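Heads up: the structure comes next, in structure tokens.
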Amino acid sequence: MRISDAVPADLPKLLAFREEAATWLGGLGTDQWRRPYPADRLLATIEAGTVFMVRDGEETAATITLTPEAEDGLWSRAELSEPSMFVNKLTVARTHAGKDLGGRLLDWAGDRAYRSGATWLRLDAWTTNEPLQRYYLRHGFEHVRTVTEGGAVNGGPRVSGWLAQRPTRLYAGHGLLDVTSAPKPISPA
């Protein structure tokens with residue numbers, strides 16, 4: 001499998017991934033990703049060079065977004081002063097589920113973040129999705145805290161505020177052929 005930069009032509013596949021994941025998650029009893037993601041916002045992240053696609057031959061197997069920008073209101077000023085990269089929208093196609101492709105992508109992200117100069121690989125997960133939280137803990141992340149207030153809509157409850165992090169490091173054992181553009185150096189916020 002190879003990982004490459006997403007291109008605007010990948011937008012329909014990424015939107016379909018999100019819909020497939022929301023349906024699957026709904027079957028597990030969670031409302032995560034039930035609301036459609038705005039296509040224009042997703043296209044902007046593709047154009048910013050922060051979205052990556054894993055391809056297995058001609059098939060798209062997974063996607064991950066890795067950015068130096070944190071979502072507003074989650075991380076403290078002190079945390080934001082530390083060089084960090086943030087994982088978003090990690091999604092594995094159901095056809096490739098159960099093979100720890102998500103874990104391999106997290107290792108790839110930690111390696112890319114390290115090569116960018118980041119100290120931490122950070123993420124926020126759905127606050128009520130405890131199986132997802134346990135998944136991240138099994139993959140070496142440590143829970144930092146859960147932010148429940150200050151959601152995007154009228155300051156209401158935050159639905160994705162379970163914060164976790166792990167140190168970055170070089171890791172070539174992810175087994176993905178990396179054909180992405182070179183990582184850009186980051187600096188603290």
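On the basis of being under 23 Å from Arg134 (Cα atoms) and either at pLDDT below 85 or touching a helix residue (DSSP H, G or I) at 6+ places or on another chain (Cβ under 6 Å) (or both), does Glu71 make the cut? Taking the combined requirement at face value, the residue does not satisfy it.
Thr95 satisfies every condition listed in (1) buried (at least 20 other Cβ atoms within 10 Å of the Cβ); (2) of a type outside the set (Gly, Ala, Ser); (3) part of a helix (DSSP H, G or I) except (1). For first residues located in the stretch 75-90 and in contact (Cβ under 8 Å) with a residue 40 or more places away in the chain and part of a loop (DSSP other than H, G, I, E, B), partners that are of a type in the set (Phe, Trp, Tyr) and surrounded by 17 or more Cβ atoms within 10 Å (Cβ to Cβ) and lie 6+ apart or on another chain with Cβ distances below 7 Å form the pairs Glu82/Trp120. Selection of the stretch 137-168 for residues being within 18 Å of Val87 (Cα to Cα), outside any strand (DSSP E or B) and either of a type in the set (Asp, Glu) or modelled with pLDDT of 95 or more (or both) yields Leu137, Arg138, His139, Gly140, Phe141, Thr168.
Does Lys99 count as in contact (Cβ under 8 Å) with a residue 40 or more places away in the chain and either touching a strand residue (DSSP E or B) at 6+ places or on another chain (Cβ under 6 Å) or of a type in the set (D, E, K, R) (or both)? Judged against the criteria, Lys99 is not a match.
For the stretch 60-88, the set of residues classified as over 15 Å from the mean Cα position of the chain (by Cα), more than 20 Å from His143 (Cβ to Cβ) and of a type in the set (S, T, N, Q) consists of Thr60, Ser81, listed by residue number. For the stretch 38-55, filtered to residues that are in contact with a helix residue (DSSP H, G or I) (Cβ under 8 Å, 6 or more places away or on another chain) and exposed (fewer than 15 other Cβ atoms within 10 Å of the Cβ), the residue that is modelled with the highest pLDDT is Glu47. In this structure, Leu105 does not satisfy being farther than 16 Å from Ile3 by Cα and buried (at least 18 other Cβ atoms within 10 Å of the Cβ).
The values are calculated or read from the model by the stated rules, or taken from the named source; none is laboratory data. Owing to the predicted nature of the structure, the values given are computational and were not obtained by experimental measurement. When we count neighbours, we look across all protein chains shown, and the Cβ atoms used for this are built from the backbone with ideal geometry, even at glycine.
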